[in-house]
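The values are calculated or read from the model by the stated rules, or taken from the named source; none is laboratory data. If you're wondering where the values come from, they're calculated on a predicted model, not measured in any experiment. FYI the Cβ positions are ideal-geometry reconstructions off the backbone, even for glycines, and counts take in every protein chain you see.
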């Protein structure tokens, strides 16, 4: 009798756990950034949760497109030399700026603060990927 393994289910559970941990980590990063950076303002914890979900959803919907545009504009140079994280970080900074324009309870003052927040998010999400 063949043995049934659950490796496919383990991968699905791993992806789900990663998404859940990112949903938990992102508002925490937003609140910490708001506390330590005067150029990032967020009204309260509820706003941090909604802003985090907005950033994640917008990143999922248009983040890949912005990353593709940056890769084309740089002729894929960053991707070829292994620095694709640079284009991804800039793409998420653009996503953060877009979310900033649509949400009244979240504000970044300048593109530089969005880049710094994007770096913080990349580090937090990298830690989540290492954990899962």
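Can you tell me how many residues within region 109-124 are more than 11 Å from residue 55 (Cβ to Cβ) and either within 14 Å of the chain's Cα centre (by Cα) or buried (at least 16 other Cβ atoms within 10 Å of the Cβ) (or both)? Give the steps one after another, and end with the answer.
Here is the first cut: in region 109-124, the ones more than 11 Å from residue 55 (Cβ to Cβ) are 109-113, 115-116, 119-120, 122-124.
Filter once more, keeping what is either within 14 Å of the chain's Cα centre (by Cα) or buried (at least 16 other Cβ atoms within 10 Å of the Cβ) (or both): 113, 115-116, 119-120, 122-124.
Going through region 109-124 one residue at a time, the tally reaches 8.
Residues of region 18-33 being in contact with a helix residue (DSSP H, G or I) (Cβ under 9 Å, 6 or more places away or on another chain) and either farther than 26 Å from residue 109 by Cβ or modelled with pLDDT under 95 (or both), which ones? Give the derivation first.
First pass over region 18-33, keeping only residues in contact with a helix residue (DSSP H, G or I) (Cβ under 9 Å, 6 or more places away or on another chain): 18-19, 21-33.
Selection gives 18, 19, 21, 22, 23, 24.
List pairs: first residue in region 29-40 and assigned to a loop (DSSP other than H, G, I, E, B), second residue surrounded by 15 or more Cβ atoms within 10 Å (Cβ to Cβ) anywhere in the structure, Cβ distance under 6 angstrom, at least six positions apart or on different chains.
That search, which allows pairs on different chains as well, returns 39/113.
Would region 87-103 turn up any residue that is closer than 22 Å to residue 33 by Cα and not in a helix (DSSP H, G or I)? Give the derivation first.
Filtering region 87-103 for residues closer than 22 Å to residue 33 by Cα gives 87-103.
Those left that are additionally not in a helix (DSSP H, G or I): 103.
Within region 87-103, one or more residues are closer than 22 Å to residue 33 by Cα and not in a helix (DSSP H, G or I).
Give me the residue from region 62-83 that is without any contact (Cβ under 8 Å) to a residue 24 or more places away in the chain and buried (at least 17 other Cβ atoms within 10 Å of the Cβ) and, out of that set, nearest to residue 97 (Cα to Cα).
70
Answer yes or no as to whether residue 48 is assigned to a helix (DSSP H, G or I), closer than 25 Å to residue 132 by Cα and touching a strand residue (DSSP E or B) at 6+ places or on another chain (Cβ under 7 Å). Even if it seems obvious, please write down each step before you answer.
Values: assigned to a helix (DSSP H, G or I): yes; closer than 25 Å to residue 132 by Cα: yes; touching a strand residue (DSSP E or B) at 6+ places or on another chain (Cβ under 7 Å): yes.
When the stated conditions are applied, residue 48 passes them.
Could you check how many residues of region 97-112 are farther than 12 Å from residue 30 by Cβ and in contact (Cβ under 8 Å) with a residue 12 or more places away in the chain? I'd like the intermediate steps shown before the answer.
Initially, region 97-112 is screened for residues farther than 12 Å from residue 30 by Cβ, giving 97-98, 101-102, 104, 109-112.
When the remaining residues are screened for being in contact (Cβ under 8 Å) with a residue 12 or more places away in the chain, the result is 97-98, 102, 109-112.
So the count comes out to 7.
Name every residue in region 22-44 that is buried (at least 20 other Cβ atoms within 10 Å of the Cβ), under 17 Å from residue 125 (Cβ atoms) and in contact with a strand residue (DSSP E or B) (Cβ under 7 Å, 6 or more places away or on another chain), in order of residue number.
Once the filter is applied, which keeps residues that are buried (at least 20 other Cβ atoms within 10 Å of the Cβ), under 17 Å from residue 125 (Cβ atoms) and in contact with a strand residue (DSSP E or B) (Cβ under 7 Å, 6 or more places away or on another chain), region 22-44 yields 30, 33.
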